[in-house]
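Worksheet for the structure shown next.
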Amino acid sequence: MNRRDFIVAGMLVGNSGAWSAAFAQAPRAGKPVILVVGDSLSAEYGLKRGEGWVPLMEKRLAEQKIAATVVNASISGDTTSGGRARLAVLLAQHKPTHVVLELGGNDALRGLPIQNTEDNLLQMTKAAQAAGAKVLIVGIQVPPNYGSDYLRRFEAIFEKVAKATQAAVVPFLLRGVADGPDAASLFQPDRIHPVASAQPRMLDNVWPELRKLLPK
């Protein structure tokens, strides 16, 4: 399997969705609330609870003495349409100050129109911003067998939406994981989902942009 096949294949509909702390109690007032809306790459697919990049982000926040609540509302197999459909409830329930959107790979896997993916991400970003949250869009890439034109257009979605909404963006969540020299060792036996040792790298890709959005 081509190393980039790992990226999108990893977002196949999983046997177990992971809402993680999606229905946690409301956080204390004045404390940043980071809502993560993603797919299997953020839902700890195939990992022990606490090993994924989102729980690691929560630990890093604590280590750096940044008081924040993390709500992981990621579901394996989710698409931008699914995320868009449930975002309003999540915003109303958790009242996040920050929203991390890690969706789009399953749209490509299912052959959904690129314009639909772009529009869903755009509307989700605008909805989160209208609710008072700062948004970080986390991008992904698709296998080269989709064709160079599709690949180029898909990869451009994330920065295009970020530019249109002045949101922050991480171009590629799996940079240094799927495209590195040790890529094969960073995936589970199914050669699809990143292993626990790859999760810190994923967090390191997200952290610099997220940190800029948090209180100093």
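Note on the stretch 182-213: residues that are over 16 Å from VAL54 (Cα atoms) and in a loop (DSSP other than H, G, I, E, B) total 6. For the stretch 129-136, the criterion of a residue being surrounded by 18 or more Cβ atoms within 10 Å (Cβ to Cβ), more than 19 Å from SER74 (Cβ to Cβ) and at pLDDT 95 or above is satisfied by no position. Got at least one residue in the stretch 24-38 being at pLDDT 95 or above, of a type in the set (A, V, I, L, M), assigned to a loop (DSSP other than H, G, I, E, B) and out of contact with any Lys or Arg (no Cβ under 8 Å at 6 or more places or on another chain)? No, because not a single residue in the stretch 24-38 is at pLDDT 95 or above, of a type in the set (A, V, I, L, M), assigned to a loop (DSSP other than H, G, I, E, B) and out of contact with any Lys or Arg (no Cβ under 8 Å at 6 or more places or on another chain). Restricting attention to the stretch 114-123, the residues that are of a type in the set (A, V, I, L, M, F, W, C) and surrounded by fewer than 24 Cβ atoms within 10 Å (Cβ to Cβ) add up to 2.
Is it the case that LEU186 is in contact with a strand residue (DSSP E or B) (Cβ under 7 Å, 6 or more places away or on another chain), free of Cβ contacts under 8 Å to residues at least 60 places away in the same chain and either over 16 Å from LEU103 (Cβ atoms) or surrounded by fewer than 20 Cβ atoms within 10 Å (Cβ to Cβ) (or both)?
yes
Determine which member of the set GLU51, GLU63 is at pLDDT 95 or above and under 21 Å from ALA178 (Cα atoms).
Details: GLU63 fails: under 21 Å from ALA178 (Cα atoms).
Exactly one residue qualifies, and that residue is GLU51.
Given the conditions (1) outside any helix (DSSP H, G or I); (2) surrounded by 15 or more Cβ atoms within 10 Å (Cβ to Cβ); (3) small (Gly, Ala, Ser), report the number of the one that ALA67 does not fulfil. Exception for ALA67: condition (2). Among the criteria (1) of a type in the set (Ser, Thr, Tyr); (2) within 16 Å of the chain's Cα centre (by Cα); (3) over 30 Å from PRO32 (Cα atoms), the one THR125 does not fulfil is (3). Among the residues making up the stretch 108-162, those that are free of Cβ contacts under 8 Å to residues at least 60 places away in the same chain and of a type in the set (D, E, K, R) are ARG110, GLU118, ASP119, LYS126, ASP149, ARG152, ARG153, GLU155, GLU159, LYS160. A single entry from GLY105, GLY77, GLY111, GLY83 fulfils the requirement of being surrounded by 21 or more Cβ atoms within 10 Å (Cβ to Cβ) and modelled with pLDDT under 95: GLY105. Scoring ALA178 on the criteria (1) within 20 Å of HIS98 (Cα to Cα); (2) over 14 Å from the mean Cα position of the chain (by Cα); (3) of a type in the set (A, V, I, L, M, F, W, C) leaves a single failure, condition (1). SER76 meets all of the listed conditions (1) more than 25 Å from LYS31 (Cα to Cα); (2) touching a Ser or Thr at 6+ places or on another chain (Cβ under 7 Å); (3) in a helix (DSSP H, G or I) but one, namely (3).
The values are calculated or read from the model by the stated rules, or taken from the named source; none is laboratory data. Remember, it's a predicted structure, so these values are computed and weren't measured experimentally. Here the Cβ is made from the backbone with ideal geometry for all residues, glycine too, and neighbour counts use every protein chain on show.
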